[in-house]
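The values are calculated or read from the model by the stated rules, or taken from the named source; none is laboratory data. Computed from a predicted structure; not experimentally measured. Please note: Cβ atoms are built from the backbone with ideal geometry, for glycine as well, and neighbour counts cover all protein chains shown.
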C-alpha cells in the first residue's frame, strides 16, 4: 500500500516546497491586503472591472504616499467564477499571504463561500457589489459598500408604482444570476405590497443572445412596464429586441445596468427607460469626473457600476486604515507586522473603524455603514433620452 | 477460527486501520498545516474520488461519460437537502451541533447523496444499451446540463443564489476515508471476475457480448457505481464549502476528465496521481492563473496527440498487478 | 393565434442560425465521424472577425451599405475557413487514426483553447457589433412583427444552403466529399485525395459557421468570447435531430430546434429553454438515433 501511495506524497511535497517561499516573503513597511475576483470564467468581465477599480484607487493612493506614508500592496487572486475557488483563493490570501483585509466579491454566491473564512480568521472583508442580504449576516467582519437587494427591490417597486404610476409589471430575470434572482424576488414582494400586479414573470440565462420568445409572451400579457433586474451585458439586447417586436413600454432596471456598454448596445431602444445608478455621470462633482476620466484613459472604457463600487470599497478600507493610524498608531503598526495576537487585536480595531464609516465621499454616493454593515446611501434613478442620461429622482433610504 | 471468520476479522482490522489513518492524518494536518494547505488536501481527496469513479466508466469499461459533474451535483444537493430539512426532524441535530453527535447524520447524508446519485447513474447508464461512443458522450453531457438547470429552478435548495445554511461538517478525515473507500472498492472490483468483464467490454464489446458477458448490465453497473462515489464526493463537498450550481458545470466534468486522461485511462493509481497533480499544481502556479485554462486546453490536445494513454497508461488492463 | 405565428416566425429566423452551424457539424461528422466540439467557437471567431473587419473598414453605422456588408461577410467566412483548415491540420489530423474518445477529447481541447484564447485576445467584455444594415421593423400578415435583419438572416441562410447542396450534388469535389463520407478507404483507393477533401470540408463548414456568426451579430449586436458555447451545443443537437451526416437533415433539424425552443418558452416555461435542447437530444437518441432524415448509421450488432 505504501509503495502505491508514493506518487501522492511526492506531488504533495512538490506543492509544499513550491508554496513555502511565497508565504514567507513579507516586507514590514507595507500594508498587504487581498483581493479575490472572477478574472477568468463566465463572469470574467465583472471581475476584471472590479480589479481595475481597486487598482486605480490604490495606484492613486500610493502615488500620493499611501496611508500616511505607508504604501498599500494588493495581492489579487482569481476564483475562476467558481464559489469553491473563491474560498480557496481567500484561504490563500488569509492563511498563506497573511493579508490584513480582503476586498471581494462581485457575486453574492462567491462572497458567501469566502466570508466564513474571513470571519473565522478575524480578517475584515469588504464586498464591493454583493447584494444578497445574507452575506453580511455571516459575521461582524463582513461589510459591503453597495445596496442590498431588499432595499433596491423596494426602491424599484416604489419608482415604478408611485413615480411612474404603473400598476401592471412584467419581470424578466436572469435565472442563472444570483443578483438578478434576488432583486427580482424582492421587487415582486415590494410591488405586490404596494398594490401592483405582476402580469408576467419570465427568465433568460446570462450569455443568451436571443430573447424574442420570452418577449413575445410578455407582450401578450400587456404589461405597462418591464422590469429587468439583470446585468447590462444582456439588457441592451433585450431592449432592442423588445422594440423590434413592438413592445414599447418603459423598462426599469437596477444598478446592474450601469455601464457605457448599455447605451452602446441598446442605443435608441433604451429611450424612455430608467435604472438605478450610483452616480449621475454628468455629476459635476470633481471626484466623480476625475474617476471617470482616469479610468477611461487607463482602461479604454468608461467605468461600469462594478468598477465604481470596487473603487469605493478600496477607498472605504483605506480611509478606515487611515483613521486607525491616527487614532491608534500602535495598532496600525501591528498590522504591518507578523501574524500574532497583536495583529489580531489590531484587525479587530480595523474592523471597528470600518464599521464606523460615516459619510465617506465615494464616487457611488456618500457611504455610511449601518449596524448590519451594509451601505446606506441614496439610490439615484436616471432616465435615458436620446441616448443620454438625465437625472430623474433620488430616493433616500 | 474458520476462514470466513478470520477474513471478516481481517477486514475489520483493515477498516479500523483506515479510520485510524484518516483521523491521524487529519490531526496532523490540522496541527501542522495552515488552513489553506488543509483545504488543498481536502479538495485533492475529493478530486481523487471523482477521478477514480470516472475512471471506472471511461477508462476501465471504455464508455465515455462527460457529465460526471452532474452526478456530483445530485449527491451534493440531495445530501444537503437531507441535512438541512430531514436531519433536524429525524435526529434533533440542528445545524449548529458539532462533535461526535454529527457523525451519524453526516454518514447518513453521504449515503443519501451517494444513493440518489447512483439512481441518477442508473438512468444515465440505461441509454448505453443503444448508444455507442460519441452519442453516449453527448447524452451524458446533456444529463449534466439538465441536472444543473433543474437545480437552478428549485427554490428550496436556493437556485441561483446557492444553498445557504448547510453546516460545515466535512473534514480531512472524512475525505481521506472516502478516498480510501473509493480506492479499495474500485481496486477490488477491478481485480475480481467483474473487473475482467468491464475490461472485456472496453477491449471489444461485440466479442464480449458474443462470449456471454451481459454487457448492458455491466455498463449500467459501471455508471451506477461511478455515480455513487461521485455522489458521495459531492455530498462531502456540500458539507465543506458553499453549495452553488456554478461548481458543477461542464468545465468541472472536463477537469475530471483531464485528471483521468493525464493519469492514464484504466489505471487507478494514475487517477490518484492525475487528481493530485491537477489539484495541487494550479495552486502552485497561481501566478499564471490567467493562462491556466489556455495551458489546460493545450495540455489536452498535446496529450491526445503525443501520449493518449496518459502517464501510467492502461496498466491495470494488463494481466497481474 | 397571433402570438403563435409570432413565435413561429422568430423561431424560424433563429432556427436558420442553428441550421447554418449544424451544417458544419454534420459535414465534419459525415466525413470523419468526429463531433467537432470547437465548431461553436469557430462561429464565435467568425463574429469577432467580422467585428474587426467592420471596425477597420468603417462598414458599420454611418458607413453602412450593402457592398460593405457583403465584404465583411466574405472576409469573416474566409478567415474562419482558414481557421478551420488550421485546426484540422494541427489538432485533428494527428489523431485521425486514434480512438474516438481520443479524438473527442482533442476536440474538447480545441474548443477550450479557442474560448480562452478569445477571452485573452478579444477581452472578456461584450462588444457592440457594428450595424452593417440599419434596422427596420416590418409588419407581416397576421400582425406578426419582424425586422429586416431577420428576413436577411433567413434569405442568406437559404442562399448558402442551396449553394452548399448544389456544390455537393453537382460538382466533382462535392461528389468526392460524398464518397469520402461513405467510405474513406475505398474513396482513397479510387484516387480521391482524401486529406484535401477533408480540409475542404472543414473550410466550408467553418465558413458557414462564420456566416452564422455575422448574421447573429447583425440581428443581436452583442458579441463576447463565450457566445459560441450554447449555440454550438444546440446546433449539434439540431444536426443529430435531423440525422447527422445529412445536409438537408441539418437544415430541418436547425429549424425544428429553433421553433421548439420558441414554443417551449412560449407555452411551457422560459426557465427550461436551455434544457429543452438536451431533452430533445435524449429523446431523439433513444427513439430514433438516426434522426429524422439520417441513414441507419448505428451499428446494431
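When the criteria are applied in full, residue C:239 meets the requirement of being buried (at least 20 other Cβ atoms within 10 Å of the Cβ), in contact with a helix residue (DSSP H, G or I) (Cβ under 8 Å, 6 or more places away or on another chain), under 26 Å from residue C:115 (Cβ atoms) and within 11 Å of chain B (Cβ to nearest Cβ).
Apart from one condition, residue C:258 fits all of (1) over 25 Å from residue C:151 (Cα atoms); (2) more than 8 Å from every other protein chain (Cβ to nearest Cβ); (3) in contact (Cβ under 8 Å) with a residue 60 or more places away in the chain; the exception is (1).
When residues in the stretch A:159-202 are screened for being within 14 Å of chain B (Cβ to nearest Cβ), at pLDDT below 90 and part of a helix (DSSP H, G or I), 1 of them pass. Can you find a residue in the stretch B:163-178 that is within 14 Å of chain C (Cβ to nearest Cβ) and under 30 Å from residue A:203 (Cα atoms)? No; the residues of the stretch B:163-178 include none that is within 14 Å of chain C (Cβ to nearest Cβ) and under 30 Å from residue A:203 (Cα atoms).
When each of C:161, C:257, C:177 is tested for being assigned to a helix (DSSP H, G or I) and surrounded by fewer than 21 Cβ atoms within 10 Å (Cβ to Cβ), the lone residue that passes is C:161.
Among the criteria (1) within 8 Å of another protein chain (Cβ to nearest Cβ); (2) surrounded by 24 or more Cβ atoms within 10 Å (Cβ to Cβ); (3) over 19 Å from the mean Cα position of the chain (by Cα), the one residue A:132 does not fulfil is (3). Is there a residue being farther than 30 Å from residue C:194 by Cβ, crowded, with 22+ Cβ neighbours inside 10 Å and under 13 Å from the mean Cα position of the chain (by Cα) anywhere in the stretch C:28-38? So far as the stretch C:28-38 goes, no, none of its residues is farther than 30 Å from residue C:194 by Cβ, crowded, with 22+ Cβ neighbours inside 10 Å and under 13 Å from the mean Cα position of the chain (by Cα). Put simply, of B:165, B:113, B:195 the only residue that is buried (at least 23 other Cβ atoms within 10 Å of the Cβ) and modelled with pLDDT of 85 or more is B:113. In the set C:34, C:114, C:73, C:132, only one residue is closer than 25 Å to residue C:245 by Cβ and either away from chain B (no Cβ under 13 Å) or at pLDDT below 90 (or both); that residue is C:34.
If only residues of the stretch B:121-145 that are more than 14 Å from residue C:282 (Cβ to Cβ) and surrounded by fewer than 24 Cβ atoms within 10 Å (Cβ to Cβ) are counted, the one that is nearest to the chain's Cα centre (by Cα) is B:122.
Taking the stretch B:160-270 and the helices (runs of 4 or more DSSP H) fully enclosed by it, the elements with 2 or more residues that are within 15 Å of the chain's Cα centre (by Cα) are at B:172-191, B:215-238, B:250-263. Residues in the stretch A:42-53 that are at the interface with chain C (Cβ under 9 Å from one of its Cβ atoms) and touching a residue at least 12 places away in the same chain (Cβ under 8 Å): A:42, A:43, A:44, A:45, A:46, A:47, A:49. Taken over the stretch C:80-96, residues that are within 11 Å of chain B (Cβ to nearest Cβ) and either touching a residue at least 60 places away in the same chain (Cβ under 8 Å) or touching a strand residue (DSSP E or B) at 6+ places or on another chain (Cβ under 7 Å) (or both) amount to 4.
Of the helices (runs of 4 or more DSSP H) entirely within the stretch A:297-382, those holding at least 3 residues that are within 22 Å of the chain's Cα centre (by Cα) occupy A:305-327, A:341-355. The single residue among B:80, B:109, B:118 that is under 18 Å from residue B:231 (Cα atoms), within 14 Å of another protein chain (Cβ to nearest Cβ), in a helix (DSSP H, G or I) and within 19 Å of the chain's Cα centre (by Cα) turns out to be B:80.
Here the condition is being at pLDDT below 90, within 11 Å of residue C:25 (Cα to Cα) and in contact with a helix residue (DSSP H, G or I) (Cβ under 9 Å, 6 or more places away or on another chain); of C:294, C:245, C:266, C:232, it holds for C:245 alone. Among the residues of the stretch A:128-158, those that are touching a residue at least 60 places away in the same chain (Cβ under 8 Å), outside any loop (DSSP other than H, G, I, E, B) and in contact with a strand residue (DSSP E or B) (Cβ under 9 Å, 6 or more places away or on another chain) comprise A:136, A:142, A:143, A:144, A:151, A:152, A:155, A:156, A:158. In the set (1) within 30 Å of residue A:114 (Cβ to Cβ); (2) touching a helix residue (DSSP H, G or I) at 6+ places or on another chain (Cβ under 6 Å), residue B:186 fails one condition alone, (1). Checked against the criteria, residue B:97 does not count as away from chain C (no Cβ under 14 Å), closer than 15 Å to residue B:239 by Cα, out of contact with any strand residue (DSSP E or B) (no Cβ under 7 Å at 6 or more places or on another chain) and part of a helix (DSSP H, G or I). For the stretch A:77-107, the set of residues classified as in contact (Cβ under 8 Å) with a residue 60 or more places away in the chain and within 7 Å of chain B (Cβ to nearest Cβ) consists of A:96 only.
Restricted to the stretch A:186-225, and to residues there that are in contact with a helix residue (DSSP H, G or I) (Cβ under 8 Å, 6 or more places away or on another chain) and at positive phi, the residue that is surrounded by the fewest Cβ atoms within 10 Å (Cβ to Cβ) is A:195.
Per the conditions (1) at pLDDT 85 or above; (2) assigned to a helix (DSSP H, G or I); (3) touching a helix residue (DSSP H, G or I) at 6+ places or on another chain (Cβ under 8 Å), the sole criterion not satisfied by residue C:275 is (1). Confirm whether residue B:23 is closer than 26 Å to residue B:256 by Cβ and touching a helix residue (DSSP H, G or I) at 6+ places or on another chain (Cβ under 8 Å). No. Note on the stretch A:298-340: residues that are surrounded by fewer than 24 Cβ atoms within 10 Å (Cβ to Cβ) and within 14 Å of another protein chain (Cβ to nearest Cβ) amount to 6. From the list B:230, B:288, the one residue that fits, being free of Cβ contacts under 8 Å to residues at least 60 places away in the same chain and more than 9 Å from every other protein chain (Cβ to nearest Cβ), is B:288. Can you spot a residue in the stretch C:98-111 that is surrounded by fewer than 22 Cβ atoms within 10 Å (Cβ to Cβ), within 13 Å of chain B (Cβ to nearest Cβ) and in contact (Cβ under 8 Å) with a residue 24 or more places away in the chain? Yes, the stretch C:98-111 has at least one match. Residue count for the stretch C:183-225, restricted to those that are within 14 Å of chain A (Cβ to nearest Cβ) and either assigned to a helix (DSSP H, G or I) or surrounded by fewer than 20 Cβ atoms within 10 Å (Cβ to Cβ) (or both): 8.
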